[in-house]
Amino acid sequence: MRSSVKLYAAVGYVGITLSGLAYACAPSVKTNASSGLLAGDAATRTYVPPGSYDEYYAFLSGGFSGQVTVYGLPSGRLFKQIPVFSQFPQTGYGYNEDTKAMLTTTFGQVPWDDSHHTEMSLTDGVPDGRWLFINGNNTPRIARIDLKKFETEEILQIPNAAGGHASPFATPDTKYVVSATRFSVPIPQTDVPIDSYKKNFKGTITFVRADQPGKMDVAFQIMMPGYDYDLGHAGKGPSDGWFFFTTYNSEEANTKLEVNASQADKDYIAAINYKQAEKCIADGKGKKFGGSYVHNYMNPATGIATSETKTGVTMLYPADCDGLVYYLPTPKSPHGVDIDPTGEYIVAGGKLATVIPVHSYTKMIKAIADKQFEKTIDGIPVLRYQAVIAGEVQKPGLGPLHTEFDGKGNAYTSMFISSEIVKWKLGTWQVLDRIPVYYSVGHLMIPGGDSKKPWGKYLVALDKITKDRYLPTGPEGSRSAQLIDISGDKMKMLLDFPTMGEPHYAQAVPASMLQPTSLKFQKLTDNHNPDVTTSEAAGGITRKGKRVDVKMIAIRSHFAPDNLEGIELGDTVYFHVTNIEQDWNIAHGFAVFGANTSGVTLPPGETRTLRWVPQATGIYPFYCTDFCSALHQEMQGYVRVSAPEMHVPLSANISKIAQTQNGRMPAERGQHGERGEHGEHR
């Protein structure tokens with residue numbers, strides 16, 4: 001079997017490979033609709049006139065940028081980068097005092113990570129537009145993004161894990177998001193010979209409670225054999241209550257994995273009955289286990305992030321919990337695992353396989369009942385392949401990775417090696433259509449295509465190694481996303497557009513789901529930052545030892561106060577700047593000469609704090625960095641830094657007009673003129 005598979009892979013698809021690469025390497029755009037490239041009406045299908053909106057929001061992982069990028073579909077216009085796991089100069093995320101804590105881990109501040117998979121929150125298996133989750137891969141973490149503000153509000157580190165790749169896929173009710181380890185390691189970590197891999201290395205699967213903002217936490221972990229866990233998806237409908245993960249390296253090799261982890265004809269899909277896990281924990285079968293991790297949370301009322309270090313988890317072992325985990329044999333080195341909208345079919349992407357294997361949930365349950373086991377691994381029964389397989393898609397192409405669905409009974413699979421998208425029929429397993437992409441496609445995305453309710457109009461191919469698609473930019477060029485019309489029988493290429501980083505997964509929802517609730521500005525009455533300044537008259541400067549706090553407002557087109565004196569060499573200065581604009585998209589910035597960052601940016605109604613340690617006496621100008629009005633250039637001021645022996649009085653000028661100006665806060669709210677206890681964490 002092994003030799004026949006290799007021969008098939010090596011020879012049987014040479015024709016397809018060459019055909020696919022011929023498309024892939026074509027440097028020019030075809031106009032013949034039958035070619036599958038640009039159809040004659042492609043431009044009009046993707047054109048969004050000035051003043052009009054796109055149909056969909058698309059959220060692409062930023063890959064090695066560590067962020068999320070937001071695009072409009074069908075135009076491919078870039079709307080925003082949402083900072084998540086990396087510092088982001090455009091907004092000051094990770095630089096200013098309010099957001100630094102978001103990047104805290106048990107390894108210290110990690111200012112740059114690798115983001116992979118986006119996941120929309122779900123209600124009854126359908127995207128609901130509340131939150132977007134994404135994982136940090138290198139330092140295993142899961143982040144929650146609030147889709148009213150398009151800002152990261154929570155990050156949870158995953159303990160007892162290395163490489164959180166199969167993450168953060170959600171259950172149909174978003175009770176849990178999960179994370180499985182790509183790299184098995186000794187758990188708990190310890191110093192052992194690497195060649196003791198089979199004896200000492202393990203993997204973990206982590207279920208994170210995720211349905212309450214600000215309270216994400218590890219619910220439980222499952223100790224698994226020392227394979228590599230690649231991707232996952234929750235069941236739905238009849239398979240709700242189960243979670244499915246692909247694994248490779250069931251050989252448990254620890255060197256030259258491209259050869260030694262490709263020996264077995266079949267690896268596995270791990271089927272996890274998480275309802276059974278909950279029952280076993282309730283029955284006291286979970287064990288207390290160590291592991292430290294950090295929870296970071298951005299308080300939406302104050303705009304200040306805090307970090308909490310936690311210790312210990314509840315660990316389940318499959319041998320202690322009957323019915324918790326089963327392995328489904330799956331050829332060969334499977335990558336993606338995707339569940340169709342009905343919840344019946346479990347589609348694997350065996351990246352070295354010659355077929356696309358599709359398992360049946362119904363058959364899996366029957367095989368479990370009939371004990372159709374071929375062996376047991378660490379307490380995990382391995383079901384017989386023929387007992388669970390629903391069908392195999394024959395000759396789909398080379399390198400199947402990921403599958404999404406259009407809700408009309410059709411599946412679409414990305415083919416990494418032959419660089420194409422293949423459409424096939426659920427139930428008959430018949431290939432219906434194929435279209436080349438440019439090229440080496442990884443993930444693909446249909447809006448809602450991994451849910452119970454796909455919006456099956458468009459498909460986005462997320463290409464890995466784009467060449468010759470755009471003007472060259474030196475040795476490293478942009479990656480490409482390609483928009484494909486899947487509304488008819490035949491796929492049609494509509495558009496391609498450059499992407500940030502190397503995008504992995506993506507999610508998209510109709511714009512009508514998010515647009516009406518998108519926050520225009522934060523009301524000052526809702527700003528509970530302890531350093532908020534709500535009127536010009538409320539600004540000022542205070543000293544406590546060598547610490548100086550400056551509270552100021554920003555409004556078109558000035559700062560108040562705008563001249564500061566009495567700061568001494570050796571002081572640490574905290575500028576607490578509040579943008580008191582109550583108008584959509586009127587942002588300001590603040591930067592001071594001599595600081596080691598550009599400064600802070602200020603969405604309307606929010607407060608940000610910049611820490612500055614002057615290095616020499618003198619006069620230091622500060623200014624607004626975000627062009628905000630015709631008199632933007634006049635929006636500036638000065639800081640005087642003096643030698644301590646000069647005894648310059650501390651002062652912050654507020655104009656007489658400003659001193660009599662009414663506050664912008666309701667009278668009953670009062671002013672926040674004094675620092676609260678929350679300020680002490682800075």
If you take the Cα Rg of the chain and divide it by 2.2 N^0.38 Å, with N the number of residues, what do you get? 1.05
Please report, to one decimal in angstroms, the Kirkwood hydrodynamic radius of the stretch 50-102 built from all distinct Cα-Cα pairs. 12.2
On each of the three principal axes the extent of the alpha-carbon atoms of the stretch 581-628, given in whole Å and largest first, is 39, 17, 13
Relative frequency of Cα-Cα separations exceeding 18 Å in the stretch 72-121, percent: 44
Order the peptides 542-552, 191-201 from the highest to the lowest mean number of other Cβ atoms within 10 Å of their residues. 542-552, 191-201
For the stretch 560-655, projected area of the alpha-carbon convex hull averaged over all directions, nm²: 6.2
With a 1.4 Å probe and all protein chains kept in place, how do Trp131, Trp112, Trp612 rank by accessible area, largest first? Trp112, Trp131, Trp612
What's the local net charge at Glu252, with K and R +1, D and E -1, over the other residues with C-beta under 12 Å away? -2
Hey, what's the Cα Rg ratio for the stretch 322-426 versus the globular rule of thumb, 2.2 N^0.38 Å? 1.08
Need one number: convex hull volume per residue for the stretch 213-273, Cα atoms only, in Å³. 126
Multiply the residue gap between Lys279 and Ser518 by 0.36 nm, knock off their C-alpha separation, and tell me the result in nm, one decimal place. 82.1 nm
Find out how many positive minus negative residues lie around Ala367, taking Lys and Arg as positive, Asp and Glu as negative, among other residues whose Cβ is under 12 Å from that of Ala367. +2
Please report the antiparallel percentage of DSSP beta bridges with both residues in the chain, rounded to the nearest 5. 90
For the stretch 63-119, run through the trypsin sites (Lys or Arg not before Pro) and keep only the ones in DSSP coil with at most 16 other Cβ atoms within 10 Å of their Cβ. Arg77
Sort 481-488, 615-622 for me by packing, meaning the mean count of neighbouring Cβ atoms within 10 Å per residue, highest on top. 481-488, 615-622
Sort out for me the Cα centre separation of the stretch 131-156 from the stretch 211-272, rounded to whole Å. 21
With every protein chain present, what is the per residue accessible area of the chain (1.4 Å probe, Å²)? 39
The Rg/Rh figure for the stretch 517-623, Cα atoms and Kirkwood Rh, to two decimals is 0.98
Quick check: Cα centre of the stretch 557-579 to Cα centre of the stretch 160-199, how many Å? 47
Suppose every K and R has +1 on its Cβ and every D and E has -1 on its Cβ; what is the size of the dipole of the stretch 184-321 about the Cα centre, in Debye to the nearest 20? 440
What figure, in Å² to the nearest 10, do you get for the accessible area of Cys280 with a 1.4 Å probe and non-protein molecules left out? 0
In the stretch 359-490, lysine pairs 8 or more places apart or on different chains with C-alpha atoms under 16 Å apart total 13
Net charge near Ser196, counting Lys/Arg +1 and Asp/Glu -1 over other residues with Cβ under 13 Å of its Cβ? 0
Probe 1.4 Å, all protein chains present, accessible-area order of Glu581, Glu502, largest first: Glu502, Glu581
Could you tell me what percent of the accessible area of the chain is made up of carbon and sulfur, with a 1.4 Å probe and every protein chain present? 54
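The values are calculated or read from the model by the stated rules, or taken from the named source; none is laboratory data. Just so it is clear, the model here is predicted, and its values are computed rather than measured. Don't worry about glycine lacking a Cβ; one is built from the backbone with ideal geometry, like all the others, and counts go over all protein chains shown. The protein model used for the area step is the full one, side chains on, heavy atoms only, and it has no ligands, DNA or RNA in it. Shrake-Rupley method; radii C 1.70, N 1.55, O 1.52, S 1.80 Å.
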